[in-house]
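The values are calculated or read from the model by the stated rules, or taken from the named source; none is laboratory data. Remember, it's a predicted structure, so these values are computed and weren't measured experimentally. Please note: Cβ atoms are built from the backbone with ideal geometry, for glycine as well, and neighbour counts cover all protein chains shown.
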Amino acid sequence: MKKRIVILGAFLSAFLTVRAAGAKICFEAETAELIEAPMVLVTNGIEGASGAYLEIPEGAGNPPKVTDGKAVFAFEVPSDGIFTLWCRVWWEGECSNSFTVQSDDGAAFLFGEDATYKVWHWVKYPVARTTAPLRLSKGRHTLTFRNREDGVRLDQILLSADRRFVPVDIEVPGLRK
Ligand SMILES: [Ca+2]
Ligand SMILES: [Ca+2]
């Protein structure tokens with residue numbers, strides 16, 4: 001029995017150490033340092049958001065006809081890491097469920113295209129294990145969200161170096177280690 005408790009204790013401390021190793025950086029969509037129309041800031045819209053959120057209104061237009069519409073975020077990464085990108089979003093439907101995202105000046109990638117509509121929920125990138133997560137060095141970085149489909153809303157953004165972490169509801173903005 002005692003041996004079992006020791007093993008359990010060792011397992012728990014290893015588990016907690018691994019969890020503690022994964023930094024999480026969370027910020028509100030409305031803290032974007034640049035918002036370009038038809039991306040707009042909404043302060044009193046759909047219930048259940050964490051404060052304000054960003055939206056490309058349904059019918060505002062999307063590529064190739066409308067190529068404008070973006071939000072740029074700047075944030076500090078505390079130490080080198082490999083991050084999963086999570087976004088708290090509200091999609092209008094299958095023609096309104098994605099962004100094109102760019103990390104710093106890297107290659108743009110598709111974010112979203114999941115089939116959960118008309119409810120606030122968290123979506124991650126990458127979805128497939130074969131796609132590389134975001135590798136970010138210590139220091140300042142940017143994320144750019146571009147117009148790909150209208151009818152989309154973005155409430156919170158969370159970068160997690162802990163691959164097992166799954167945000168559930170509204171997250172507290174800031175840095176957790
Ligand atoms: Ca779509
Ligand atoms: Ca928000």
Among the residues of the stretch 150-169, write down those that are closer than 19 Å to Ala52 by Cα and crowded, with 16+ Cβ neighbours inside 10 Å.
-> Asp150, Gly151, Val152, Arg153, Leu154, Asp155, Gln156, Ile157, Leu158, Pro167
Among (1) in contact with a Leu (Cβ under 9 Å, 6 or more places away or on another chain); (2) closer than 22 Å to Trp86 by Cβ; (3) surrounded by 15 or more Cβ atoms within 10 Å (Cβ to Cβ); (4) not aromatic (Phe, Trp, Tyr), the one test that Leu41 misses = (3)
Within the stretch 130-177, considering residues that are of a type in the set (Ser, Thr, Tyr) and touching a residue at least 24 places away in the same chain (Cβ under 8 Å), the one nearest to ligand 1 (Cβ to nearest atom) | Thr144
Do any strands (runs of 3 or more DSSP E) entirely within the stretch 110-177 hold 3 or more residues that are under 22 Å from Gly22 (Cα atoms), more than 16 Å from ligand 2 (Cβ to nearest atom) and modelled with pLDDT of 95 or more, and if so, which?
-> 134-136, 139-146
In the stretch 8-23, is there at least one residue being modelled with pLDDT of 95 or more, farther than 20 Å from Lys118 by Cβ and within 16 Å of ligand 2 (Cβ to nearest atom)?
-> no
For the stretch 92-109 the number of residues that are more than 16 Å from ligand 2 (Cβ to nearest atom) and touching a residue at least 40 places away in the same chain (Cβ under 8 Å) is 10
Filter the stretch 31-45 down to residues that are part of a loop (DSSP other than H, G, I, E, B) and closer than 12 Å to Val152 by Cα and give me whichever is farthest from ligand 2 (Cβ to nearest atom).
-> Pro38
Report, by residue number, each residue of the stretch 46-61 that is farther than 18 Å from Thr100 by Cα and near ligand 2 (Cβ under 9 Å from one of its atoms).
-> Ala49, Ser50, Gly51, Ala52
Taking only the stretch 154-177 into account, find how many residues are of a type in the set (A, V, I, L, M, F, W, C) and out of contact with any strand residue (DSSP E or B) (no Cβ under 6 Å at 6 or more places or on another chain).
-> 5
Check Gly106, Gly48, Gly93 and return the single one that is away from ligand 1 (no atom under 16 Å from the Cβ), farther than 26 Å from Val172 by Cβ and surrounded by fewer than 17 Cβ atoms within 10 Å (Cβ to Cβ).
-> Gly106
